[in-house]
Structures are given as C-alpha cells and as structure tokens.
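Since the structure comes first, as structure tokens, the remarks are kept for the end.
The values are calculated or read from the model by the stated rules, or taken from the named source; none is laboratory data. Predicted model, so just to flag it, every value in this text is computed and none were measured. Using ideal geometry, Cβ is built from the backbone for each residue, glycine included, and neighbour counts are taken over all protein chains shown.
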C-alpha cells in the first residue's frame, strides 16, 4: 500500500511538472504581446490647417443658414398642414404632427452634439498652457463636425488663437484675432478683451505696429479687469519702446512700477527690464540701474536674452579689466 501511495504521489508531481513545463512557452508570448502593446504608437494628433478668413466666414454662414433654413422649413410645413386641415383633408393633422416631431428631434440632436463640444471646450481651456498640441487636437475634432452653434464656433476659433499664441505662431494668432474682432460673431463679446491683448502682443512680436496701435486704442475704451489692465500696461510699455515714445513711459514710471509688482515674477521681471531700457534712453541712470537689477533678479537668463534680441533690453557692459 505504501508503494502504491508513493507511486501515486510521484505520478501527481510528474503531472504537475509536465503541466507547468507545457505552460512555460506561453509566458514569453504573453510578455511579447504586452511589450508590443506598450510599444504600439500612440494615435496621431490632429492638427488644424493654416487659418483662412474665407473658410471661417463660410463656416459661420453655413451654421446660420442651416439653423434658419430648418426653422423656415418647419414654418412652411406647419402652414401647409393647417391649410390642408382647413380644407378638410385628413392628412393635415398627421403632417403637422410629423413636422413638429421631426423638428423637435432635429433640434434635440443638434443640441446634444453641441453640448459635447461645449464640454470639450472647458477641457481645451485647461490644456492651453500645459498641452497645446492636445488642445489643438480637440479643436480639430470639434471642427470636424460641420454644423455647430455660431457662438460655439467663434469660441473655438478664440481657443485656436490662444493655441497659436502659445506655439509662437504670431502671424496666425493676429490673423484669427483680427478676423474675429472685425466679423464680431455672437459669442465674441465675452472674450473681446483677451482677443485684443493677443492681437497687440502678436503684432509687436512681428513688428506690425499699426495692428498693435489699433488694439491698444480699443483696449483703452473698454472696462478691464485687474489682470487685463496689468497686461495692457505691459504691452503699452513694449509698444512705446518699439516706436520710440519712451518719454511717455517715463512720465508714468512710478505708477507702472507699482503695477508691475502685482504681476507674476516672469512678467514682472520683463516689465522691469523694459522700464530699465526706457530709463536708460531717457538718461535716468540711477533708476535704470535699480530697474535693471530688479529685472536680473526676477528674470531667467533665457528670458533676458529674448528681450535683448527684441531690442527691449541691453545687457550691462562688464567693467574693463585693469591693464
């Protein structure tokens, strides 16, 4: 009996080992499948084509025509149905009921589809700084829907201008902002000040001073929030330096310095650098030295190098070594 039990135990262990040995070749396959999934390329990000004002006008016109066309068609069908009902034709009631159901269903479908885009608009706004490529992908997906609510399409173009601004594609930023400000579709009023700020900054980046002046004039006529007022002041200093009107900057120097202290450190340092340049041009050397030291304290060296390339900052000359 003991030999039989030992033989049974041996056979059980042998069967277990054979089973484990048979399962071992599948493990590398599973590992290779997992590694293949890990190495699989991520889906390509959609990109928006180069901006065209004509295309934007066609899209806005198409949105308006479709919505009003559907409404007019609904009214025509109701009138025809009422006429048929007054002439004692029985299909009149059926036709009017069908028209109301069809119009209500179409409006529900249109509203549901736009509601998804409205939700993605909040996600786009959150990604503008950290993930502009992802934001552009979501904008392209939204524009793939041919029919959109006009205010929603205008806000999508505003977000596209913000994406282009963060990508330093300033000419396209200025083109989008200028087109939205001129066409002024419904929905732009709430972001008009931000569009003007982007327009001014983009125009100054590629030295289009006429557009920058137009934006600053429009901003001066608008009630601005505190952050917008600070940004507008910084852009005005940049414009005055670019055009040679640094004397106006020096007249408001104490107030501008006080306002600069409310900005985040990089923007505060950049404004101090521009004010130091204005003071140097106005031969106010003590103020220029103080502002320059503040700028060097607040700005990253790369930021100062960018300002120097734009002519808004002159690096201090090192002292001459004794001979």
Take region 199-211 and flag every residue that is buried (at least 19 other Cβ atoms within 10 Å of the Cβ) and either modelled with pLDDT under 90 or not in a helix (DSSP H, G or I) (or both). none
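Conditions tested, residue by residue: (1) outside any helix (DSSP H, G or I); (2) over 24 Å from residue 301 (Cβ atoms); (3) outside the structural domain of residue 300 (by TED's automatic domain parsing).
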{"position": "213", "(1), (2), (3)": "no, yes, yes"}
{"position": "217", "(1), (2), (3)": "no, yes, yes"}
{"position": "233", "(1), (2), (3)": "no, yes, no"}
{"position": "250", "(1), (2), (3)": "no, yes, no"}
{"position": "254", "(1), (2), (3)": "no, yes, no"}
{"position": "275", "(1), (2), (3)": "no, no, no"}
Of the residues in region 256-266 that are under 14 Å from residue 298 (Cα atoms), at pLDDT 85 or above and in a helix (DSSP H, G or I), the one that is nearest to the chain's Cα centre (by Cα) is 260
Do the conditions hold for residue 196, that is, is it under 16 Å from the mean Cα position of the chain (by Cα), over 11 Å from residue 158 (Cβ atoms) and either crowded, with 17+ Cβ neighbours inside 10 Å or outside the structural domain of residue 61 (by TED's automatic domain parsing) (or both)? yes
Within region 229-240, can one find any residue that is over 26 Å from residue 214 (Cβ atoms), at pLDDT 85 or above, touching a helix residue (DSSP H, G or I) at 6+ places or on another chain (Cβ under 7 Å) and surrounded by 15 or more Cβ atoms within 10 Å (Cβ to Cβ)? no
